[in-house]
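**Q** Questions regarding the structure given below will be posed in turn.
The values are calculated or read from the model by the stated rules, or taken from the named source; none is laboratory data. What you see is a predicted model; the values in this text were computed from it and never measured. Here the Cβ positions follow ideal geometry from the backbone for every residue, glycine too, while neighbour counts run over all protein chains shown. What goes into the accessible areas is simple: the full protein's heavy atoms, side chains included, and nothing from ligands, DNA or RNA. Shrake-Rupley method; radii C 1.70, N 1.55, O 1.52, S 1.80 Å.
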Amino acid sequence: MEKVREIVREGRRVAKEDPRRVVHSFKVGLVLALVSSFYYYQPLYDSFGVNAMWAVMTVVVVFEFSVGATLGKGLNRVAATLFAGGLGIGAHHLASMSGPTGEPILLAVFVFVQAALSTFVRFFPRVKARYDYSLLIFILTFALISVSGFREEQVVKLTHKRISTVIIGGLSCVIISIFVCPVWAGQDLHSLIASNFEKLSFFLLDFGDKYCEVVENDGAKEVDKRKKDFDNYKSVLNSKSNEESLANFAKWEPGHGQFRFRHPWKQYLAVGELIRQCAYRIHALNSYLNADNQVSVDIKKKLGEPLRRMSLESGKAMKEMSISLKKMTKPSSSDLHVQNAKSACKSLTNLLNSGILKEVEPLELVSLLTAISLLIDIINLTEKILESLHELATAAKFKNKIEHPLFSEKPKAKSFVSVRSIKCHDDHVVIIIEDDGNNDDTSKNDNGSKEVSIHEKHEDDDTHVDARCVSCGHTSVCVK
């Protein structure tokens, strides 16, 4: 009874992790029930006979969790069955021309050559990535049709029935997979990369404060708290195989939602690889939070401000990239955070060159400089990740929407601008641009401030710009 309860708890946990798994299970049951009618319904059984079982076998081996995986397997199986069926008929015809004695020998030679060559081709990396299942079905179908044809007189009819049932089973899987609660591998890959950005940002946003803080009597509790907070990034370290499989499946999928056909899935892998490299640095940096050889509190206080800024700005950049990827907009605001992190890095370098570490013990110095080196490496990688994400945004045609950064101040209310053009007596044009300056601050004043820009176009092609604030009378002039 206890084992039954444990199984029920495990089932609830699996379903809670991803409710789509429950839906997928019902979809598989539905397709199997449909294709089984070839066996249960007498007119269909009379048409296909025992070969109707091939439709059931096709559903079992083809129906996968995502649309891309199902579509890829289905197309591979149908193409391999058609090609192998045609070659099997040709091999049977050639072997039958050699007479009763030579026919089995030639068939055995054909099967050997085909199986050996196909198995060797399966070792090619590019072929194995996308067409391994196709070659496996090709070997199986060719061998079955060649061997069956030796005892079966109507080999063409046999091949036709088997190919037909395979196509029916494959089409059933693809149709149900696409039109009944579809699961898109491309969407999963997109969400996975965005989630990895966010996991790294969680660590970087808090690392500076935690590294520079003082751990007193309850240090053990603090260690446990840190471990709990920073465990999220560890899942990024082993995400390579999952990303590659999702990208491979996504290539088979038709255009859907915001993902057009031939979406640059390969660029997602490039971004994911750089994220993993950053995660490895973070994993190494995490070990220095509780290193045995720590510098004194005074030194940490002196270095704390630039260290916090470096970590915080890198984390903000990661967070902004995660949000922009989720919204499929260009990550314009992340550039500012990367530049701020590099500026903090220069400040820290100047501080170190000032001789602040002269009295630090050698072991403590090694620990501190290694942590700083890793943090600088993370900033450089963040910049590379941002460049790669810009390439992805361009290739995928992300929206070029201007958004306020996530960590910026609240934007002011909109202001209204009016433009007036006046022609003067001395043959030059004056363009007056007025901003009513209606925002939260000026709306509190009775008069309100107004900013006026005057552009004068003279005959000598010089443009004189006069900007004047009505409320304070400040004037600035620029000649272009």
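**Q** Tell me which of these Tyr39 doesn't satisfy, since it passes every other one: (1) open to solvent by 70 Å² or more (accessible area, probe 1.4 Å); (2) at pLDDT 90 or above.
**A** Only one criterion in (1) open to solvent by 70 Å² or more (accessible area, probe 1.4 Å); (2) at pLDDT 90 or above is unmet by Tyr39, namely (2).
**Q** I'm trying to understand the selection: among the residues of segment 361-375, which are β-branched (Val, Ile, Thr) and closer than 15 Å to Met318 by Cα?
**A** Here is the first cut: in segment 361-375, the residues β-branched (Val, Ile, Thr) are 366, 370, 372.
Answer for segment 361-375, where residues must be β-branched (Val, Ile, Thr) and closer than 15 Å to Met318 by Cα: there is none.
**Q** (1) assigned to a helix (DSSP H, G or I); (2) within 22 Å of Trp265 (Cβ to Cβ): which one isn't true of Val56, the others all being true?
**A** Going through the list (1) assigned to a helix (DSSP H, G or I); (2) within 22 Å of Trp265 (Cβ to Cβ), Val56 breaks only (2).
**Q** Could you pull out the residue among Leu381, Leu351, Leu392 that is at pLDDT 90 or above and farther than 20 Å from Leu204 by Cα? Let's see the steps before the verdict.
**A** On the way: Leu381 fails: farther than 20 Å from Leu204 by Cα; Leu351 fails: at pLDDT 90 or above.
Exactly one residue qualifies, and that residue is Leu392.
**Q** Moving on. Taking segment 155-193 as the search range and keeping residues that are small (Gly, Ala, Ser) and under 30 Å from Lys319 (Cβ atoms), which one is nearest to the chain's Cα centre (by Cα)? Explain how you work it out, then say what you get.
**A** Filtering segment 155-193 for residues small (Gly, Ala, Ser) gives 164, 169-170, 172, 177, 185-186, 191.
From the residues that got through so far, the ones that are under 30 Å from Lys319 (Cβ atoms) too are 185-186, 191.
Details: Ala185: 10, Gly186: 8, Ser191: 6 Å.
Of everything passing the filter in segment 155-193, Ser191 is nearest to the chain's Cα centre (by Cα).
**Q** Something else about it: Scan segment 212-226 and give yes if some residue there is at pLDDT 75 or above, open to solvent by less than 80 Å² (accessible area, probe 1.4 Å) and over 22 Å from the mean Cα position of the chain (by Cα), otherwise no.
**A** Checked segment 212-226: at least one residue is at pLDDT 75 or above, open to solvent by less than 80 Å² (accessible area, probe 1.4 Å) and over 22 Å from the mean Cα position of the chain (by Cα).
**Q** Report whether or not Asn242 is over 27 Å from Cys181 (Cβ atoms) and surrounded by fewer than 18 Cβ atoms within 10 Å (Cβ to Cβ).
**A** no
**Q** Give the residue that is farthest from Tyr280 (Cα to Cα), with candidates limited to residues of segment 229-242 that are among the charged types (D, E, K, R) and assigned to a helix (DSSP H, G or I).
**A** The initial filter retains those residues of segment 229-242 that are among the charged types (D, E, K, R), namely 229, 231, 234, 240.
Checking the rest, the ones that are also assigned to a helix (DSSP H, G or I) come to 229, 234, 240.
Numbers: Asp229: 17, Lys234: 9, Lys240: 13 Å.
It comes out as Asp229.
**Q** Sticking with this structure for a sec: If we keep just the residues of segment 321-348 that are out of contact with any Asp or Glu (no Cβ under 6 Å at 6 or more places or on another chain), hydroxyl-bearing (Ser, Thr, Tyr) and not in a helix (DSSP H, G or I), which is modelled with the highest pLDDT?
**A** Filtering first and then ranking leaves Thr329.
**Q** Here's a follow-up. What is the number of the single condition among (1) surrounded by fewer than 16 Cβ atoms within 10 Å (Cβ to Cβ); (2) more than 12 Å from Ile372 (Cα to Cα) that Leu352 does not meet?
**A** Just one mismatch for Leu352, condition (2).
**Q** Identify, please: which residue in segment 261-290 is part of a helix (DSSP H, G or I) and basic (Lys, Arg) and is, among those, nearest to the chain's Cα centre (by Cα)?
**A** Initial filter on segment 261-290 (part of a helix (DSSP H, G or I)): 265-286.
If we keep only those that are basic (Lys, Arg) as well, we get 266, 276, 281.
Details: Lys266: 10, Arg276: 12, Arg281: 20 Å.
By that ranking, first place goes to Lys266.
**Q** Got a sec? Which of Ser367, Ser373 is more than 21 Å from the chain's Cα centre (by Cα), modelled with pLDDT of 90 or more and within 17 Å of Ala291 (Cβ to Cβ)?
**A** Details: Ser367 fails: modelled with pLDDT of 90 or more.
Exactly one residue qualifies, and that residue is Ser373.
**Q** Same structure again: Step by step: first the residues of segment 1-32, then only those that are charged (D, E, K, R) and within 27 Å of the chain's Cα centre (by Cα), then the one that is farthest from Gly170 (Cα to Cα). Which residue is that?
**A** Among residues in segment 1-32 that are charged (D, E, K, R) and within 27 Å of the chain's Cα centre (by Cα), the one farthest from Gly170 (Cα to Cα) is Arg13.
**Q** Starting from segment 181-196, keep only residues that are under 10 Å from Phe249 (Cα atoms) and open to solvent by 40 Å² or more (accessible area, probe 1.4 Å), then list their pairs with residues that are modelled with pLDDT under 95 and of a type outside the set (D, E, K, R) whose Cβ atoms are within a distance under 6 Å, requiring at least 6 positions of separation or different chains.
**A** Partner pairs satisfying both residue conditions: Trp184/Val67; Trp184/His256.
**Q** Here is a list: Val297, Val338. Which entry is exposed (fewer than 15 other Cβ atoms within 10 Å of the Cβ) and of a type in the set (Val, Ile, Thr)?
**A** Step by step, each of Val297, Val338 is checked, and only Val297 is exposed (fewer than 15 other Cβ atoms within 10 Å of the Cβ) and of a type in the set (Val, Ile, Thr).
Here is a yes/no grid of residues against (1) under 27 Å from Leu189 (Cα atoms); (2) open to solvent by 60 Å² or more (accessible area, probe 1.4 Å); (3) assigned by the TED database to the domain that holds Leu189:
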position	(1), (2), (3)
Phe63	yes, no, no
Ser66	yes, no, no
Leu71	yes, no, no
Asn76	yes, no, no
Ser98	no, no, no
Ile105	no, yes, no
Phe112	no, yes, no
Val127	yes, no, no
Ile137	no, no, no
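**Q** Follow-up. Within segment 243-260, is there a residue that is more than 16 Å from Gln187 (Cβ to Cβ), assigned by the TED database to the domain that holds Gly355 and in a helix (DSSP H, G or I)?
**A** So in segment 243-260, the residues more than 16 Å from Gln187 (Cβ to Cβ) come out as 244.
Those still in the list that are assigned by the TED database to the domain that holds Gly355 too: 244.
Next cut, in a helix (DSSP H, G or I) only: 244.
Yes, because at least one residue in segment 243-260 is more than 16 Å from Gln187 (Cβ to Cβ), assigned by the TED database to the domain that holds Gly355 and in a helix (DSSP H, G or I).
**Q** With the checklist (1) open to solvent by 60 Å² or more (accessible area, probe 1.4 Å); (2) touching a Gly at 6+ places or on another chain (Cβ under 9 Å) in hand, flag the one item Val50 doesn't pass.
**A** Here Val50 clears every test but (2).
**Q** For segment 300-313, which positions are open to solvent by 60 Å² or more (accessible area, probe 1.4 Å) and within 18 Å of Ala341 (Cα to Cα)?
**A** Passing the criteria: Lys302, Glu305, Arg308, Arg309, Leu312.
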